[in-house]
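Worksheet for the structure shown next.
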Amino acid sequence: MKFDVAIVGSGLAGLSVALHLAQSRTVAIISKRALQDGASNWAQGGIAAVLDSGDSHDQHIEDTLVAGAELCDESATRFIVEHGREAIEWLISQGVPFTRDANAELGFHLTREGGHSQRRIIHAADATGHAVQMTLEEKVRSHPNITLFEHHCAIDLIMSDKLRGKVESKTAAAQARCLGLYVQDEQSGKVLTFAAQHTVLATGGAGKVYLYTTNPDTASGDGIAMAWRAGCRVSNMEFIQFHPTCLYHPYAKSFLITEAIRGEGGLLKLPPEAGVDAGTRFMPMHDQRAELAPRDVVARAIDFEMKKRGIDYVHLDISHKPAAFLIEHFPTIYARCLELGIDITTGPIPIVPAAHYTCGGVVTDLQGRTDLPGLYAVGETACTGLHGANRLASNSLLECLVIGRACAGDIEQRELAPLPDLPDWDESRVTNADEEVVIAHNWDELRRFMWNYVGIVRTTKRLERAQHRIALLKEEIDEYYRHFRITHDLLELRNLVDVASLIVNSALSRRESRGLHFSRDYPDTLPKAMPSVLTPPRR
């Protein structure tokens with residue numbers, strides 16, 4: 001199959017690129033599951049942008065730089081912040097039902113989240129991502145130039161210097177370009193060949209590399225791993241943001257409690273298991289910004305209190321607010337908690353930190369261009385430099401919109417050229433049920449030791465243990481991949497192991513503590529902030 005543009009991923013970044021391009025290009029959207037099954041659909045809080053005259057670009061930029069622990073790329077931050085309003089206006093024009101406020105300047109309610117000096121988060125109650133995704137999905141499904149491939153799993157990129165039977169010189173190899181990718185249809189098991197003038201990776205982050213995460217099951221770092229294997233640089237992978245407040249309940253999987261709960265006055269307190277200190281508010285003892293401190297500060301404070309007292313969770317209490325206010329502003333959280341026997345209008349919510357956002361990713365410029373011609377990366381898959389060492393709340397969806405539009409603009413300016421015929425996938429390998437059991441065991445082992453050794457607080461010894469285990473796992477997985485028929489679990493495990501290796505190697509290269517990376521062996525912060533950039537070996 002041949003398309004002008006193949007987009008891997010169906011979150012806000014991918015759908016934005018598709019809709020901006022569809023008037024002039026044929027577009028394929030390849031989604032591992034249904035369109036709405038990615039992390040964008042789960043986003044609760046909202047989108048940060050300067051939408052009020054009492055706010056300013058400089059204030060938003062400053063808040064972003066402070067949260068990012070001086071590691072943000074200032075030019076990238078300014079570009080994204082200054083294009084924020086037009087991105088929001090585009091969403092409004094598409095029909096996204098943001099929560100209205102007749103007294104607000106723009107007519108929409110703005111909330112505030114940790115790290116923000118102003119109310120600048122536009123939202124649709126507490127289900128912003130879902131509202132945006134459903135609106136854009138309707139547009140995408142009805143567009144004649146967009147073809148959807150749901151339940152299709154990307155395998156690997158097709159590079160011009162690796163075409164079967166073709167020998168390239170070193171000079172030609174240096175100019176290798178992406179020509180498309182191989183994709184498995186999960187229902188039939190058949191591998192399809194997609195040829196594309198331009199391929200856009202918008203596969204989200206890699207939260208599933210950890211045992212506890214707020215991310216959906218699709219977040220297995222596919223785009224980051226594929227780009228790395230193809231020859232792209234990857235940056236800042238040690239900065240994994242652990243969201244401070246994930247619902248703690250045996251029947252609740254990966255349910256996030258939005259930052260806006262704290263923005264609207266929610267307080268973190270010790271639970272009954274803390275004994276005489278039960279009910280004590282602890283954040284003021286860790287940071288003067290208390291509950292409104294950036295996520296890395298709050299997550300470490302909770303982690304500290306849990307380990308110090310031997311407790312499994314802490315409480316987030318907003319029950320002092322009027323019940324009508326909570327039900328209006330947080331209907332999704334109210335309903336889900338009530339299903340589990342927790343009434344947020346009368347009592348606290350049990351929470352724990354969980355892996356939430358991958359701040360690093362594939363190195364790109366502000367048009368989403370990677371190191372390889374024909375290949376782009378946008379959203380959580382990419383590293384533009386906006387997030388630095390810690391993402392400021394609600395900047396992620398903003399980045400998806402702004403860079404997605406810029407990426408589409410860059411692709412539109414490029415001339416279309418004939419695509420070569422690409423070789424089919426080798427379907428001769430066999431399935432082995434015994435090996436599939438081992439793959440499941442390896443998946444569980446990887447996520448557990450990443451949680452134990454490469455979590456909120458790290459040491460060099462723990463990281464080296466993880467590095468050793470990853471090397472052994474990678475050897476096994478590469479063996480399966482070479483000899484057995486591919487499966488969904490094998491593809492995701494292969495990508496997660498590659499991403500885990502990138503996280504650990506990046507963490508070992510940083511001999512300081514900064515933002516989301518805290519090392520007991522290097523507790524101080526160095527005078528100059530430098531990104532960690534990993535370059536793949538020559539292919």
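Each value in this text was obtained by applying a stated rule to the coordinates, not by laboratory testing. Predicted model, so just to flag it, every value in this text is computed and none were measured. Reconstructed Cβ throughout: ideal geometry from the backbone, glycine too, with neighbour counts over all protein chains shown.
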- Item | Residue-by-residue Karplus 3J(HN,Hα) for the range 288-296, coefficients 6.51, -1.76, 1.60, Hz, glycine and proline x | 5, 7, 6, 5, 9, 5, x, 4, 5
- Task: State whether the range 79-126 is rounded, prolate or oblate according to the following rule on the C-alpha gyration tensor (a ≥ b ≥ c being the square roots of its eigenvalues): a/c under 1.5 gives rounded; otherwise a/b larger than b/c gives prolate, and the remaining case gives oblate.
- Result: oblate
- Query: So what are the ³J(HN,Hα) numbers for the range 445-461, from phi and the Karplus equation (6.51, -1.76, 1.60; θ = phi - 60°), rounded to whole Hz, Gly and Pro as x?
  - Reply: 4, 4, 5, 6, 6, 5, 5, 6, 9, 10, x, 5, 10, 10, 9, 4, 5
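Can you give the translational diffusion coefficient of the range 89-210 in µm²/s, computed by Stokes-Einstein from the Kirkwood radius over Cα pairs at 37 °C and 0.692 mPa s? Let's see the in-between values first.
Values: Rh = 18.9 Å.
It comes out at roughly 174 µm²/s.
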- Note on the structure: Over all directions, the range 1-52 yields a Cα convex hull whose mean projected area in nm² is 5.0
- Item | With Cα atoms, 0 to 90° folded angle of helix 488-509 axis to the chain main axis | 70
- Over the Cα atoms of the range 422-486, what Rg and Dmax result, in angstrom? 15.4, 46
- Note on the structure: If each K or R counts +1 and each D or E counts -1, the residues other than Arg414 whose Cβ falls under 12 Å of its Cβ total -1
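For the chain, what is the calculated [θ] at 222 nm in deg cm²/dmol (nearest 500), taking -39500 (n - 2.57) for each run of four or more DSSP H residues and dividing by its residue count? It would help to have the intermediate numbers written out before the result.
On the way: 15 runs with 190 residues, N = 539.
Only helices count here, giving -11000 deg cm²/dmol.
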- Percent of all alpha-carbon pairs of the range 1-113 at distances over 24 Å, whole number, is 41
- Item | Label selected from (i) 71, 51, 48; (ii) 78, 68, 51; (iii) 76, 58, 48, the criterion being Cα extents along the principal axes in Å as computed here | (i)
- Message: What does the charge count around Val363 come to, taking other residues whose C-beta lies under 13 Å from its C-beta (Lys +1, Arg +1, Asp -1, Glu -1)?
- Response: -1
- Query: Rounded, prolate or oblate: which one fits the range 241-324, using the alpha carbon gyration tensor with axes a ≥ b ≥ c (rounded when a/c is under 1.5, else prolate when a/b beats b/c, else oblate)?
  - Reply: rounded
- Per-peptide average of other Cβ atoms within 10 Å, ordering 441-454, 85-98 highest first: 441-454, 85-98
- Under the 7 Å Cα-to-Cβ spin-label approximation, Gln288 and Ala440 lie apart by a distance in nanometres of 5.4
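Net charge around Leu19, counting only other residues with Cβ within less than 10 Å of its Cβ (Lys, Arg = +1; Asp, Glu = -1)? Walk me through the numbers before you get to the answer.
Values: positive: Lys139, Arg405; negative: none.
Computed value for this residue: +2.
Given C-alpha coordinates of the range 285-392, what is the ratio Rg to Rh with the Kirkwood estimate of Rh? Let's see the in-between values first.
Values: Rg = 19.0 Å, Rh = 17.1 Å.
That ratio is 1.11, to two decimals.
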